[in-house]
Amino acid sequence: MDAAEYGAVRHSKIHPRFLNTNSTSHKWAFGAIAELLDNAADASASQAIMEMRVFEVPGGSDGSGTEPLEALIIMDNGTGVDREQMHRLLSFGHSEKAALLLAQQNGERDVAADHKPIGRYGNGFKSSSMRLGRDALVLSKTKEFCTVGLLSQSFLESVDADDVLVPIVSWRHGKDERGEDTYELLPDIKDGEAEQSLAIISKHSIFSSAEEIMGQFMPIGDTGTLIIMTRLRGFDTGALELDYRSTPEDIVLHDPTAEDGVFQKERHNQRAGSKIKLDYSLRAYLTYLYKVPRMQIYLQGAKVKTRRMTGMLSSRHIETYKPNFVAEPATIQIGFSESQHEYGMMIYHRNRLIKPYVRVGIQNDPDERGMGVLGIVEADFLQPTHNKQDFDDSRTHYRTLLKKCAETLKSFWWDNVERGEAEAAEEEAAGALFSGQRRTRKRKAPMMDRWIQCDFPECLKWRKVPANYDLEPYKDGTTPWYCQYHPDPAWANHDVPEEQELVEP
């Protein structure tokens, strides 16, 4: 029977307080930001711009003046959403990611061949936006429509709502004879819907008129989405959790209980005084968020210099792991990292970082074994939890993978470190070495793929360059690099397909 036949049965409602309760699944603010960037990537965005800034909004003791309101803004150039898609975005349990993946597999949607959407619960936008701020204004532009929607705890509390109301207004946009933008309000689905929705958005957002709202579509470009989150989360001291003032071109996670004022996750065997930068620096986290980045990200006005993760490994060893319960094997790539204090397994799902710096095997022992060794693991067979910061381990698949990573690490450490130490000890015992010349480490000749990404927005392909190619001018991301700079003419063209990474052991 169809659900419509049960019209007499009561419907379950979601109380507005659930917006805050639901947001607590994100213990870490950067995880919430990553969810919003995932949505941009799934919408085929090649660029995302993120910044925090201050708006002046009506306020003051008598309401006649203005007061500052800080906001977190994320804008992308993806495909955008129309009125019905906006409603699903602001509702619970509606996800188009599975259908998107199927359309991609059937060749019905033009997206990067290696991009697979990771969302599936239809909860990501709600939980992440409400984790960062109490109110979220969403403006989205498709090739035909401009749509604005508001998810606001402030509004719902002010009207004592017992259900989640999401005001949405949509216009058909075009050009007139003079080439100027035109906006035609779409007819109501319900009588008075557009008028009421526009009145709510004008009163409870940072824009107080339809003209102001429509003016925000211009920076978006041809298509894309702009999210403005306000009434951001802070502490009793008045300080915001997201600190954009202390560090230029970055957003730092503030922790008033920490001695230095910045957040740090607890990790086993982390040396005192050493910190993992991606725990508290958004710029550092975004550098590693995608194993093979396909989107340019700008933070506080400066481009994030993304890295191809496997290009960070020297003496790289590759191993595949295929338990009998999966169709496709996981790839474990392991090698020496650039920093001895940043080590562990970086575990990705569908190109997205889920668990950074997971210590396995000998890395958990109270000595220095395994320090400085980084693993890059692509585990698409695992299922992330709904906040995408951990894995569902109800069937022990995750623990089984960690066991395999521990075995791979132990073997790598023996081949690259302990074997050399054992040989040196034998030589020393035989009198072949003088005192003080004992080798403490033997590493194989470094094997490090050197990759650089083309900065042309319509390309963004990764190119492998020779070991003697000078990458220093492009290291900080301020100087663009393009395919035509490649020293090998065979790769010096945007139309040449990207070289495949060696992943066979």
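Every number in this text was worked out from the coordinates using simple rules, so none of it is lab data. Fair warning: this is a prediction, and the values are worked out from it, not measured in the lab. Here the Cβ positions follow ideal geometry from the backbone for every residue, glycine too, while neighbour counts run over all protein chains shown.
Beta bridges per DSSP, both residues in the stretch 309-429: antiparallel share near 75 percent. In sequence order, the stretch 216-224 has phi-based couplings of 7, 6, 4, x, 5, x, 5, 9, x Hz under the Karplus curve 6.51 cos²θ - 1.76 cosθ + 1.60, θ = phi - 60°, and Gly or Pro positions carry x.
Across the chain, the mean sequence separation of Cα contacts (distance under 8 Å, 6 or more residues apart), normalised by length, yields a relative contact order of 12 percent.
Per-residue Cβ neighbour counts within 10 Å put Lys141, Lys322, Lys403 in the sequence Lys322, Lys403, Lys141, beginning with the fewest.
As a proxy for reagent exposure, ranking Tyr474, Tyr280 by other Cβ atoms within 10 Å from fewest up yields Tyr474, Tyr280.
What is the local net charge at Leu382, summed over the other residues whose Cβ is closer than 9 Å to its Cβ (Lys, Arg +1; Asp, Glu -1)?
On the way: positive: none; negative: Asp380, Asp392, Asp393.
Result for the neighbourhood of Leu382: -3.
Per-residue ellipticity at 222 nm computed for the chain from its helices equals -6000 deg cm²/dmol, with DSSP H segments shorter than 4 residues left out and the rest contributing -39,500 (n - 2.57). Using 1/(1 + (r/R0)^6) with R0 = 35 angstrom and r between the beta carbons of Arg399 and Glu211, what's the FRET efficiency to the nearest 0.05? For Arg399 and Glu211, the calculated efficiency is 0.05. Placing +1 on the Cβ of every Lys and Arg and -1 on the Cβ of every Asp and Glu, with no other charges, gives the chain a dipole of roughly 1640 debye about its Cα centre.
Of the DSSP beta bridges with both residues in the chain, give the percent that are antiparallel, rounding to the nearest 5. So the antiparallel bridges in the chain amount to around 90 percent. The C-alpha atoms of the chain define a longest principal axis, and helix 29-42 lies at about 80 degrees to it.
Checking the Cα-Cα distances for Lys275/Lys355; Lys126/Lys190; Lys27/Lys355; Lys27/Lys388; Lys291/Lys464; Lys143/Lys203 against a 22 Å cut-off, the pairs over it are Lys126/Lys190; Lys143/Lys203. Shown in residue order for the stretch 391-403 are the 3J(HN,Hα) couplings computed by the Karplus curve 6.51 cos²θ - 1.76 cosθ + 1.60 at θ = phi - 60°: 10, 5, 10, 5, 10, 6, 5, 5, 5, 5, 5, 4, 5 Hz (x for Gly and Pro). Summing Cβ point charges (Lys, Arg +1; Asp, Glu -1) relative to the Cα centre of the stretch 309-429 gives a dipole of roughly 880 debye.
In this Cβ point-charge picture (+1 for Lys and Arg, -1 for Asp and Glu), the stretch 166-256 has a dipole of about 180 debye about its Cα centre.
Counting other Cβ atoms within 10 Å as a rough exposure proxy, the listed residues Met371, Met295, Met218, Met345 run Met218, Met371, Met295, Met345 from fewest neighbours to most. Since only Ser209, Thr320, Leu151 are under comparison, the one whose Cα sits farthest along the positive direction of the charge dipole of the chain, derived from C-beta charges on Lys, Arg, Asp and Glu, is Thr320.
Test of understanding: what is the full-extension gain from Ala327 to Asn20, defined as 0.36 nm times their sequence separation minus their Cα-Cα distance?
106.6 nm
In order along the stretch 151-161, the phi-based Karplus estimate (6.51 cos²θ - 1.76 cosθ + 1.60, θ = phi - 60°) of 3J(HN,Hα) comes to 10, 9, 5, 4, 4, 4, 5, 5, 9, 6, 6 Hz; Gly and Pro are listed as x. What the Cβ-Cβ distance of Thr479 and Asp415 gives, at R0 = 51 Å and to the nearest 0.05, is a FRET efficiency of 0.85.
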